[in-house]
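Notes for the one structure printed next.
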Amino acid sequence: MVPLECDEFVALLFAFHTDLMKTQKGPALSPRKRPQQARSTQLVADILSAAIRVLEVEGAHRFTMARVAAKTGVSVGSVYQYFPNKEAILFQLQTDEWRATHDLLERILSNAAVPPFERLRTAVRTFFRTECEELKLRVALRDAAPLYRHAPAGRQHRGTGLDQMRRFLKEAFPDLPADDLTFLATLIVTCTSAIGKKISEEARPQAEVEALATAVADMLCSYLRSQGRRKVQRGTSNGATVSKRSGTKS
């Protein structure tokens, strides 16, 4: 058994105390400390790389700090120095994945040199492709989501895709009211996410994935074009449809 350094022992005690003090608000998700030097930065990067391998092999339910430490080749105390619990590591992996996807789509959707509908088509096809390319990790992260879903830090990161799509639509349809932009953004994000998830998990050939992604993109573009000619119509709670342009019900 490898003897623990004093600071590692203190880190373990603190981590144990943190686990005991968890409340209904959920576990702490923020890193315990940020690396300041090149060596510690590399260690954190190695920990996260090892965590991905553990998650892909063992799954979310067998993901532990001890397994991450073993895969990294360091003591478990070294891992606890930077992350208070396994949820913090999983949440870091999830936020990194969210950020990578967000940044990729942002470069596509904000490229004013390309017509808006072509940007949307490219964004949808790119999203479907990335869902398939990183399927194993994405499925494992979705399985891990209940560990941090209700934590305040987790809620802060959701909705970024909706805001991103709303900004894009505001540029494409500057005359639409804010409520309509939100409705359209919700429609696009929900459809793309749900269908992309479903298709990626069915292990379809790449050519078929591309064809389906193109069809979804064309469907969304067609609907958006119709909204350029009239404002969004939405169902009310009693089942009637309200036209915001005319203010009448049908």
Practice task
Take the Cα pairs of region 51-110, get the Kirkwood Rh, then feed it into Stokes-Einstein at 25 °C and 0.890 mPa s and tell me D in µm²/s.
Solution key: 194
Exercise for the section: Compute the length gained on full extension between residue 178 and residue 61: take 0.36 nm times their separation in residues and subtract their Cα-Cα distance, giving the result in nm to one decimal. Expected result: 38.0 nm
Exercise for the section: Between the alpha-carbon centers of region 69-86 and region 112-147, tell me the distance in whole angstrom. Expected result: 30
Fill in the blank from the handout: Ordering 189-198, 33-42, 76-85 by per-residue average of other C-beta atoms within 10 angstrom, highest first, gives 76-85, 189-198, 33-42
Practice task
Please report the relative contact order for region 92-229, taking Cα pairs under 8 Å with a sequence separation of at least 6, and give it as a percent rounded to a whole number.
Solution key: 35
Practice task
Any chance you could run the full-extension gain for residue 98 through residue 46? It's 0.36 nm times the residue separation minus the Cα-Cα distance, nm to one decimal.
Solution key: 16.8 nm
Handout entry: Cα-based radius of gyration of region 92-229 once divided by 2.2 N^0.38 Å, which approximates compact folds
Key = 1.07
Exercise for the section: Could you tally the net charge around residue 168, taking each other residue with its Cβ under 13 Å from the Cβ of residue 168, Lys/Arg +1 and Asp/Glu -1? Expected result: +2
Handout entry: Exceeding the 22 Å Cα-Cα cut-off - candidates 71/198; 33/136; 33/86; 170/197; 71/136
Key = 71/198; 33/136; 170/197
Exercise for the section: Tabulate in residue order the Karplus-calculated ³J(HN,Hα) for region 111-122, using 6.51 cos²θ - 1.76 cosθ + 1.60 with θ = phi - 60°, rounded to whole Hz; enter x for Gly and Pro. Expected result: 7, 5, 6, 10, x, x, 5, 5, 4, 5, 4, 5
Problem - Radius of gyration and Dmax over the Cα atoms of region 29-84, both given in Å - result: 10.8, 33
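Laboratory data are not the source of any read-out in this text; all were calculated from the coordinates shown. All values reported here derive from a predicted model rather than from experimental measurement. Ideal geometry is used to build each Cβ from the backbone, glycine not excepted, and the neighbour counts take in all protein chains shown.
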